[in-house]
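A short worksheet on the structure shown next.
The values are calculated or read from the model by the stated rules, or taken from the named source; none is laboratory data. Owing to the predicted nature of the structure, the values given are computational and were not obtained by experimental measurement. Neighbour counts are summed over all protein chains in view; Cβ atoms, including those assigned to glycine, are modelled from backbone coordinates with ideal geometry. Accessible surface is based on the protein model in full, side chains and every heavy atom, while ligands, DNA and RNA are left aside. Shrake-Rupley method; radii C 1.70, N 1.55, O 1.52, S 1.80 Å.
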Amino acid sequence: MARAPFRRRRRLQKNKKCFLVTDSNVYELYGGLIEQTFGSIPRYILPAGEENKTFEHLGEILAAMGEAGLLRTSTLIAMGGGVVGDIGGLAAALYMRGIKCIQIPTTLLAQVDSSVGGKTAVDMANVKNLVGTFYQPEIVLVDPLFLRTLPGREIKCGLGEIVKYTALDAEIYRELLKHKENLFDLSFLAEITPLCIDHKANVVRKDERETGLRKSLNMGHTTGHAIELYDKKRSHGEYVLIGLWYETQIAMKMGLCREDYGKSLQELVTKLIGEVPPIEEEALAAARMDKKNESAGTVTFIAPILKGVFDVVKLPYEEYRQAVFSAMEERK
Ligand SMILES: NC(=O)c1ccc[n+]([C@@H]2O[C@H](COP(=O)([O-])OP(=O)(O)OC[C@H]3O[C@@H](n4cnc5c(N)ncnc54)[C@H](O)[C@@H]3O)[C@@H](O)[C@H]2O)c1
């Protein structure tokens with residue numbers, strides 16, 4: 001077992017170059033493991049943080065790959081959270097029109113969600129993931145032991161995406177409710193992660209380009225992304241949870257979501273982040289730019305209905321805005 005990384009290293013290095021993209025925090029924690037596993041492969045260490053998921057850093061990664069003499073037969077290894085996975089995946093997709101990519105997700109969010117499914121992107125013009133492509137990784141290597149060094153806040157962030165899955169998958173819903181008192185336990189997280197990966201992989205197999213079913217994975221994201229862009233104080237997963245709370249409330253008000261089920265979803269949200277905050281008018285306006293919208297002036301979100309059942313709801317912006325403001329009044 002202990003020799004496996006070295007065998008992999010010989011295979012990876014045999015006449016093909018590998019290039020590693022990671023971030024400054026992961027490198028500080030796992031630099032030794034990286035040396036031991038991959039040797040002295042060329043690398044780009046991104047300063048940690050969403051604010052660095054930019055076109056400028058993407059350009060620097062591509063230039064470093066060129067300087068390292070990477071070929072079309074080379075492989076990019078993206079080891080880190082969703083930021084590294086997204087920007088590294090996009091670099092792999094663009095370099096010489098596409099080289100192989102291996103994802104090694106080290107945050108809970110990246111393990112249960114972002115490393116699977118091939119969405120790659122950078123942020124631009126204050127729009128999240130404005131520039132990107134679909135590009136499937138060759139391999140996704142998930143090791144729950146990385147979570148041992150992950151701060152509680154980042155675990156909470158990944159739990160945000162897991163709660164989203166509970167609204168889409170009855171088995172994940174059951175498991176989460178069963179363990180709702182020990183959501184932060186690594187043994188529970190190690191158990192729930194493969195269920196989330198399976199769910200996502202099945203959805204992506206049916207609808208890689210997000211023309212239908214894959215949109216369901218954006219539950220909580222329309223409202224969540226809008227506030228995230230404006231506020232930037234919390235983590236991505238926390239915004240997803242806030243978005244999920246509001247979108248569930250609207251779905252219940254519209255008579256789409258069953259009350260007992262909707263309330264149990266909202267209870268999971270408040271268990272993780274406490275009382276949901278109010279939303280500023282300006283923040284909400286960003287929902288008009290959401291990529292799920294099919295026409296200007298309309299906002300699309302994914303409404304939970306029942307365990308594992310959802311609906312795609314399209315509302316004129318004004319109606320959506322009013323629904324969010326009434327939900328805000330109903331918070332307590
Ligand atoms: N491609 C997709 O399908 C998809 C899906 C969801 C989210 N995303 C994107 O993912 C990003 C968020 O990902 P994230 O939450 O992983 O954020 P992140 O990549 O910024 O990582 C969060 C923090 O944890 C640190 N970290 C990473 N691994 C660690 C470890 N093992 N121990 C200690 N610290 C560690 C990072 O350095 C960073 O400071 C956003 O940009 C979002 O848009 C993409």
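Values as computed for the structure displayed
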{"item": "Given (1) more than 10 Å from the ligand (Cβ to nearest atom); (2) open to solvent by 30 Å² or more (accessible area, probe 1.4 Å), number of the condition residue 166 does not satisfy", "result": "(2)"}
{"item": "Residue check for residue 80: within 24 Å of residue 208 (Cβ to Cβ) and within 12 Å of the ligand (Cβ to nearest atom)", "result": "yes"}
{"item": "Residue in the range 203-214 that is at positive phi and without any contact (Cβ under 8 Å) to a residue 60 or more places away in the chain present", "result": "yes"}
{"item": "Members of the range 27-61 found to be among the hydrophobic types (A, V, I, L, M, F, W, C), open to solvent by 20 Å² or more (accessible area, probe 1.4 Å) and touching a helix residue (DSSP H, G or I) at 6+ places or on another chain (Cβ under 6 Å), listed by number", "result": "29, 45, 48"}
{"item": "Number of positions in the range 308-319 that are within 27 Å of residue 173 (Cα to Cα) and either touching a residue at least 24 places away in the same chain (Cβ under 8 Å) or not in a strand (DSSP E or B) (or both)", "result": "5"}
{"item": "Filtered residues of the range 243-284 (kept if hydrophobic (A, V, I, L, M, F, W, C) and open to solvent by 80 Å² or more (accessible area, probe 1.4 Å))", "result": "254"}
{"item": "Residue tally, condition in a helix (DSSP H, G or I) and either open to solvent by 40 Å² or more (accessible area, probe 1.4 Å) or touching a His at 6+ places or on another chain (Cβ under 8 Å) (or both), over the range 198-223", "result": "5"}
{"item": "Subset of the range 62-77 (residues that are β-branched (Val, Ile, Thr), open to solvent by less than 30 Å² (accessible area, probe 1.4 Å) and more than 15 Å from the ligand (Cβ to nearest atom))", "result": "75"}
{"item": "Test: residue 90 is surrounded by 17 or more Cβ atoms within 10 Å (Cβ to Cβ), under 22 Å from residue 209 (Cβ atoms) and more than 7 Å from the ligand (Cβ to nearest atom)", "result": "yes"}
{"item": "Extreme residue, surrounded by the fewest Cβ atoms within 10 Å (Cβ to Cβ), among residues of the range 285-320 that are charged (D, E, K, R) and modelled with pLDDT of 85 or more", "result": "318"}
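Here is a yes/no grid of residues against (1) of a type in the set (Ser, Thr, Tyr); (2) surrounded by fewer than 24 Cβ atoms within 10 Å (Cβ to Cβ); (3) on the phi > 0 side of the Ramachandran plot; (4) more than 8 Å from the ligand (Cβ to nearest atom):
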| site | (1), (2), (3), (4) |
| --- | --- |
| 94 | no, yes, no, yes |
| 98 | no, yes, yes, yes |
| 111 | no, no, no, yes |
| 117 | no, yes, yes, no |
| 127 | no, yes, no, yes |
| 130 | no, yes, no, yes |
